[in-house]
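One structure is given below, encoded as structure tokens.
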Amino acid sequence: MRIDEVQRQRDAALAALDAVDDAAALEAWRTAALGRASAVAALLGQIKAVPADERPAFGAAVNAARQALEAAFEARRAALEARALGEALGSDRIDVTLPGTLPPRGGLHPVTRALRRICRIFADMGFQVYQSREVETDDLNFTLLNTPPHHPARDMQDTFYVTDDVVLRTHTSPGQIHAMREHAPEPLRIILPGVVYRNEKITARSEIQFTQIEGLAIGEGITMADLKGTVENFVRRLYGPDRAVRFRASYFPFTEPSAEVDVSCMLCGGRGCQICKGGGWLEIMGCGMVHPTVLANGGYDPDRFTGFAFGGGVERVALLRYGIDDIRHFWANDLRFLEQLR
Ligand code: PHE
């Protein structure tokens, strides 16, 4: 009868344990089923009232019930812990076989890359880079380059004026004067890369802002042959050994004699195509022997020193290299365009 009661209490506690679903409820259950106020403790407290001959069996039954409850408690605790751990692992799980996320990577602008290629070629010929300012006086941009006010050649380059006598440089040539004045009477061999500005209508072929690279060599005994050799070597290294180079007489106020440099079209090999407009030649730069007046303005004695200079657009180099048909793409900052040219 008493043993029946022990088993009844045990089964009730075990049934209650089935409903326990978290650590707090489990702790509450332990207090209720195994604590000092529990049915098991109460039954143990009654042991003295049990007749002596039934006592061992009763005691054994209570102990067995307690051990059963303790074992059930441990099993439940382990199960709840395992479940919590599984949940944590499930939500945190890292699949190391998934491909990683690449961080966004920047790239150099195609004009920067073209400039660097050009600078490297000239570096091999002993030219150093000279950086010059983009805002110039009218004097440096024109007058000291043998283009005084009202000179008709000023019309060759439409100018942005900042004030009456300050301009955004229309070409990199004013840097020639800066460099000469800094270094005369030492010999010079420099290239001057940079952005220039012209007040022109923006079209597929002309921009108000573009990049030029200028070259200047000054020394004793420099001749037009040095200019031709330097330019030809540069063109063949940039565009390939099979390119033909042609010098066409031209005019610039700051060089005398002056020439335009043409290179045989790298797209059709000179047979004539859309890019070279059927002519087989592409115009790539202006050049000439530095005008004696300009040498003097730079601080060199024109009776002792001679020099050559050349200058051309850099966007055009990238344009031809990648077959781009619209110069406006370069400074529109459309990443879809820039990323294609990585
Ligand atoms: N400055 C000239 C231009 O912008 C190019 C040039 C540079 C020509 C040096 C001769 C010598 O068109």
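Selection of region 274-290 for residues being open to solvent by less than 40 Å² (accessible area, probe 1.4 Å) and more than 30 Å from Tyr300 (Cα to Cα) yields Cys276, Gly280, Leu282. Give the residue that is most open to solvent (accessible area, probe 1.4 Å), with candidates limited to residues of region 309-326 that are away from the ligand (no atom under 16 Å from the Cβ) and among the small types (Gly, Ala, Ser). Across region 309-326, the extreme among qualifying residues is Gly323. Within region 201-225, the set of residues being away from the ligand (no atom under 14 Å from the Cβ), under 18 Å from Phe305 (Cβ atoms) and open to solvent by 40 Å² or more (accessible area, probe 1.4 Å) comprises Glu220, Gly221, Thr223, Ala225. How many residues does region 38-73 hold that are in a helix (DSSP H, G or I) and in contact with a helix residue (DSSP H, G or I) (Cβ under 7 Å, 6 or more places away or on another chain)? Total satisfying the criteria: 18.
Answer yes if at least one residue in region 91-103 is part of a helix (DSSP H, G or I), within 30 Å of Gly194 (Cβ to Cβ) and not aromatic (Phe, Trp, Tyr), and no otherwise. Within region 91-103, not a single residue is part of a helix (DSSP H, G or I), within 30 Å of Gly194 (Cβ to Cβ) and not aromatic (Phe, Trp, Tyr). Check region 115-129 and report whether any residue there is on the phi > 0 side of the Ramachandran plot, in the same structural domain as Arg328 (by TED's automatic domain parsing) and without any contact (Cβ under 8 Å) to a residue 60 or more places away in the chain. Taking every residue of region 115-129 in turn, none turns out to be on the phi > 0 side of the Ramachandran plot, in the same structural domain as Arg328 (by TED's automatic domain parsing) and without any contact (Cβ under 8 Å) to a residue 60 or more places away in the chain.
List the number of the failed condition for Glu186; all other conditions in (1) surrounded by 11 or more Cβ atoms within 10 Å (Cβ to Cβ); (2) more than 16 Å from the ligand (Cβ to nearest atom) hold. All conditions pass for Glu186, except number (1).
Only a single criterion out of (1) of a type in the set (A, V, I, L, M); (2) surrounded by 12 or more Cβ atoms within 10 Å (Cβ to Cβ); (3) free of Cβ contacts under 8 Å to residues at least 24 places away in the same chain; (4) not in a helix (DSSP H, G or I) is not satisfied by Ala28, namely (4). Here is the figure for region 248-262: residues that are open to solvent by 30 Å² or more (accessible area, probe 1.4 Å) and more than 12 Å from the ligand (Cβ to nearest atom) total 2. Taking the criterion of being in contact with a strand residue (DSSP E or B) (Cβ under 9 Å, 6 or more places away or on another chain), under 30 Å from Ser173 (Cα atoms) and in contact (Cβ under 8 Å) with a residue 60 or more places away in the chain, would at least one residue in region 98-113 satisfy it? Checking region 98-113: at least one residue is in contact with a strand residue (DSSP E or B) (Cβ under 9 Å, 6 or more places away or on another chain), under 30 Å from Ser173 (Cα atoms) and in contact (Cβ under 8 Å) with a residue 60 or more places away in the chain. The residues of region 130-167 that are within 16 Å of the ligand (Cβ to nearest atom) and assigned to a strand (DSSP E or B), listed by number, are Glu136, Val167.
The values are calculated or read from the model by the stated rules, or taken from the named source; none is laboratory data. For clarity, every value in this text was computed on a predicted model and none was experimentally measured. In this analysis, Cβ positions are derived from the backbone assuming ideal geometry, glycine residues included, and neighbour counts consider all displayed protein chains. These accessible areas exclude ligands, DNA and RNA; they are computed on the full protein's heavy atoms, side chains included. Shrake-Rupley method; radii C 1.70, N 1.55, O 1.52, S 1.80 Å.
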